[in-house]
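The values are calculated or read from the model by the stated rules, or taken from the named source; none is laboratory data. This structure is a prediction, so every number in the text was calculated from the model and none was measured. So basically every Cβ, Gly included, is an ideal-geometry build from the backbone, and we count neighbours across all protein chains shown. When the accessible area is computed, the model is the full protein with side chains, heavy atoms only, and any ligands, DNA or RNA have been set aside. Shrake-Rupley method; radii C 1.70, N 1.55, O 1.52, S 1.80 Å.
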Amino acid sequence: MKVGTDSILLGTWVGTGRVVRALDVGSGCGVIALILAQRTSAAMIDAVEIDRAAAGQAMENFSRSPWSDRLKIVAGPFQDFCAFRQTGDLPYDLIVSNPPWFSAATPARNEARNVARHDHRLTLKEILVASRGLMHSHSRIGLVLPFGSAEICCELARDVDLHLARRTAVRSFSDRSPTRVLLEFSAAALSEEGSFGSLSIYAAPGKYSEEFWALTSSCYLARTPANPLQ
């Protein structure tokens, strides 16, 4: 669970223009935060992770990166992070999250895996409500979710006055049904309908699609779209 396609997709897809301060909610070992640091020239990026072992790995990864002076990990629940913010703390221009997906599934035996994948500790509604309080009038929030959760997420976002700016359905192959969705919401009302699109990860078994490679290739080392496993 350390480095997954979902995190790579969200980190490379979400808009980073004019981002000075960013927050990664449920950062795990810090993949999305690191991608945001790579994509921005000077943005300060905070990351929150409830699992202390994962937070420790994120801290190590941040310290070994070229952007260590711009990355900070906070170990603990996102709810506590929000509750303990001070009056003078600045809002975030961008918030991102690859949140726990499952709300009614059989728990795994590994508690760390339960926390990462099941929303009994942090629901999508909690993420949206709390994040709204950390934003200014032109902030954005980006999420990656199961495709079937898109509509409920949009409803929850509307309830806290967030507006859908971008939506991309993600398929494994072009002839398959979408399995994931990338969503970006704006705190500012939009003058026109948000953009909608789709993305296929693979062109053939073992071969990334050109669109996926164009989006994500800067995050991979010693790999080619023709053979992504080398």
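Worth pointing out:
The rows are residues; the columns are (1) open to solvent by 70 Å² or more (accessible area, probe 1.4 Å); (2) under 29 Å from residue 164 (Cα atoms); (3) modelled with pLDDT under 85.
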{"residue": "66", "(1), (2), (3)": "yes, no, no"}
{"residue": "73", "(1), (2), (3)": "no, yes, no"}
{"residue": "90", "(1), (2), (3)": "yes, yes, no"}
{"residue": "94", "(1), (2), (3)": "no, yes, no"}
{"residue": "97", "(1), (2), (3)": "no, yes, no"}
{"residue": "103", "(1), (2), (3)": "yes, yes, yes"}
{"residue": "127", "(1), (2), (3)": "no, yes, no"}
{"residue": "130", "(1), (2), (3)": "no, yes, no"}
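- Residue 20 of a type outside the set (Ser, Thr, Tyr) and more than 14 Å from the chain's Cα centre (by Cα): yes
- Search result, residues across region 144-171 that are open to solvent by less than 60 Å² (accessible area, probe 1.4 Å), closer than 15 Å to residue 196 by Cα and in a helix (DSSP H, G or I): 150, 154
- Meets criteria (more than 22 Å from residue 25 (Cα to Cα) and under 17 Å from the mean Cα position of the chain (by Cα)) for residue 212: yes
- The condition of being out of contact with any Gly (no Cβ under 6 Å at 6 or more places or on another chain) and either among the hydrophobic types (A, V, I, L, M, F, W, C) or open to solvent by 70 Å² or more (accessible area, probe 1.4 Å) (or both) does not hold for residue 54.
- Evaluated against (1) of a type in the set (Gly, Ala, Ser); (2) assigned to a strand (DSSP E or B); (3) open to solvent by 10 Å² or more (accessible area, probe 1.4 Å), residue 191 falls short on exactly one condition, (2).
- Taking residues in region 190-206 that are without any contact (Cβ under 8 Å) to a residue 24 or more places away in the chain, and partners anywhere that are open to solvent by 70 Å² or more (accessible area, probe 1.4 Å) and of a type in the set (Lys, Arg), not one pair has Cβ atoms closer than 6 Å while being at least 6 places apart or on different chains.
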